[in-house]
Amino acid sequence: MSTLRQAVAAEWGKLWSVRSTWWCLACALALTVLTAVTLGGGIATEALREGAAGVRVTASEPVVSATSFVQFALVAPAMLTITSEYASGGIRATLQATPVRGVVLAAKALVVAPVMFVTGVVTGAVATAAVYVVLSAEVFGGLVVLPAGEAALDLLGVGVFFALVSVMTVGVGAAMRSAAGTLTVVFMLLMGLPLMLLMTGSQAAVDASMRMPMFAGLAFMGSTDNLTGGPMPYSAGEGLVWLLAWTAAGVAAGHAVLRRRDA
């Protein structure tokens, strides 16, 4: 356990010692606010155009939908926790200091997960406040509401989603060992492949797409924004199960490669 604590402390220092971490988190905040306000404005405008009486826009709802775009701003720092060490050769020093390779991967995951969870909650809270302020303007008809309990659950869901996607990215990074390869694989898992499956129009392909990380995360967060025009085909609990399964698969793949191949 002391070895794991030491490894976590080392990874924590490495994460915050580079400017790219701060830049990525700042970009995530800006992107969350801009995307959520834009989506919220679109929802309110459409409701006004259709004259839907009694329609209310929950301020945190556009924030949940914005995660589909914001996730890539957080994939980058998660990916760099391991791929940058392969690029610089620093992975050799890391493995010399912590020879048990599973401990190295666990330490990186234990650092990335809470950082991305807090980032998701904080950026989501700022974006929710921004959506509420903007949509409270008369031009949007005052359709926005901010129920505290519902917003809190949405923000916690966003934090969990970002944490799990980031840990999955760490695992993929350990398996791919390069930033370009990791980014390509993660992009395909999160957005590329799901959208390609949706475009086929096949029900089996659509069902498979709905079980991939991005849509599983949206189901877990209670979003209906699945690009099919209908509700999510399963519950939030099942969405979390699928998301955990993808995260475990990414970590398992990374551990298998890290254990068997030389640095």
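No value in this document is a laboratory result; all are computed from the given coordinates. Predicted, not measured: the structure shown is a model, and the values here were computed from it. Quick reminder, even Gly has a Cβ in these numbers, built from the backbone with ideal geometry, and neighbours come from all protein chains shown.
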Relative contact order of the chain, defined on C-alpha pairs under 8 angstrom at six or more residues apart (%):
24 percent
Could you work out the Kirkwood radius for the chain, taking every pair of different alpha carbons, averaging 1/r and inverting it, reported in Å?
19.2 Å
Gly124: net charge of surrounding residues, Cβ under 12 Å, Lys/Arg +1, Asp/Glu -1, itself excluded?
-2
Given Cα pairs under 8 Å that are at least 6 residues apart, what percent is the relative contact order of the stretch 1-148?
43 percent
In a GNM of the chain with a 10 Å cut-off on Cα contacts, which of Ser68, Ser166, Ser17 has the highest mean-square fluctuation?
Ser17
Output the relative contact order of the stretch 119-178, whole-number percent, from Cα pairs under 8 angstrom with separation of 6+ residues.
42 percent
Out of residues 5 or more away from Thr58 or on other chains, whose amide H comes under 5 Å of its own, with H placed 1.01 Å from N in the peptide plane?
Val145
Thinking of the stretch 118-263 as a set of Cα atoms, what percent of all their pairs are more than 28 Å apart?
31 percent
